[in-house]
Amino acid sequence: MTFIINGEEQEVAAATLADLLSALDYEGEWLATAVNGELVHREDRAGFTLGARDRIEILSPMQGG
Amino acid sequence: MLKLYDKEVRSRLLLGTARYPSPAILAEAVRRAKAEIVTVSLRRETAGGKAGGAFFELIHALGVHVLPNTAGCHSVQEAVLTAKMAREVFRTDWIKLEVIGHHDTLQPDVFGLVEAARILTGEGFQVFPYTTDDLVVAEKLIEAGCRVLMPWCAPIGSAMGPVNPMALRTFRAHFPDVPLIVDAGIGRPSHAAGVMELGYDAVLLNTAVAGAGDPAAMAEAFALAIDAGRLAHAAVPLEPRDMAVPSTPVIGKAVFS
């Protein structure tokens, strides 16, 4: 399926958000995810079914002031 | 002790974590500043999550309170979502709320700021709003549920120091019981001492430390200046006078002619 991941179009075989993170080798308790502008909690990723062209944001901590 | 929502800290210096020459120098600056609160951001992670993970570990190892921010957000929607994602990562209700309204000056969009603050406090966040020195905006932020205010003293990263001391003085007088943190625009320790002399509760800095020739030494210099300014405020400084006043008593002065 085609998704927009962090602003870039990508083709990934994934049914759920957890599948997608796993397929792309995203791993770590420091990651936060949102789909179509809504936060998806860590514990909800496995049950969160994705649709074609969903906009997925995957964020992590970064230096900031 | 300085009480900020549910936490009490001894240090009056909050440090940003960006632009240091290396992670080791950042860690040393935090140590020498004796900082207990650092600000961090969230950004898009590349596959694998390695960069964010390393930084996450570094911040945890510092043993400080984390104040996540919404730096770079230009809309209410962006800021609110970033705040929620930050809470997911850092497991804190604290958020340094920035809603930027102008690209060149990084001036806050105060209308968006108030709206975002209202939404976030409604969802249990403890909001530290980056705002201007405008009293009416500040009152709206208090109404929105903010219990800390963070006025700028000059544009972010400008190092100009307080460009409008009278506004800062008025702001302090208007909110005697609200913890006030000067956020943005400080360039030198003397600027920090100056705002602490005005009675501010703390200072939030990043570039002035990270961009110094020796960031760790500058962090310590700021900590000392902040302590000095706070002590001076408590000691009630002399007000400026128009005329000279001799410090040596005139009575008993010898007359030689």
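Details
- Residues of the stretch A:39-54 classified as surrounded by 14 or more Cβ atoms within 10 Å (Cβ to Cβ) and either in a strand (DSSP E or B) or in contact with a Phe, Trp or Tyr (Cβ under 9 Å, 6 or more places away or on another chain) (or both), total: 4
- Qualifying positions in the stretch A:27-38 - modelled with pLDDT of 95 or more, more than 7 Å from every other protein chain (Cβ to nearest Cβ) and either at negative phi or not in a loop (DSSP other than H, G, I, E, B) (or both): A:Thr33, A:Val35, A:Glu38
- If you go through the stretch B:6-26 and keep only what is surrounded by 16 or more Cβ atoms within 10 Å (Cβ to Cβ) and under 21 Å from B:Lys96 (Cα atoms), you end up with B:Val9, B:Ser11, B:Arg12, B:Leu13, B:Leu14, B:Leu15, B:Gly16, B:Thr17, B:Ala18, B:Arg19, B:Tyr20, B:Leu26.
- Residue match in the stretch A:15-26 (condition: part of a strand (DSSP E or B), closer than 19 Å to B:Gly72 by Cβ and more than 11 Å from chain B (Cβ to nearest Cβ)): no
- Residue that is farthest from the other protein chains (Cβ to nearest Cβ), among those in the stretch B:65-87 that are touching a Ser or Thr at 6+ places or on another chain (Cβ under 9 Å) and surrounded by fewer than 20 Cβ atoms within 10 Å (Cβ to Cβ): B:His65
- Pick from the stretch B:30-52, criterion in a strand (DSSP E or B) and closer than 12 Å to B:Arg12 by Cα, ranking: farthest from the other protein chains (Cβ to nearest Cβ): B:Ile37
- Residues located in the stretch B:67-120, provided they are within 25 Å of B:Cys153 (Cβ to Cβ) and acidic (Asp, Glu): B:Glu98, B:Asp104, B:Asp109, B:Glu115
- When B:Gly145 is tested against the conditions (1) under 27 Å from B:Val80 (Cα atoms); (2) buried (at least 21 other Cβ atoms within 10 Å of the Cβ), the lone failure is (2).
- For the stretch A:1-18, a residue qualifies if it is of a type outside the set (S, T, N, Q) and more than 9 Å from the chain's Cα centre (by Cα), and the qualifying residues are A:Met1, A:Phe3, A:Ile4, A:Gly7, A:Glu8, A:Glu9, A:Glu11, A:Val12, A:Ala13, A:Ala14, A:Ala15.
The values are calculated or read from the model by the stated rules, or taken from the named source; none is laboratory data. Remember, predicted model here, so these are calculated numbers, not experimental data. Note that we place each Cβ from the backbone using ideal geometry, even for glycine, and neighbour counts take in every protein chain shown.
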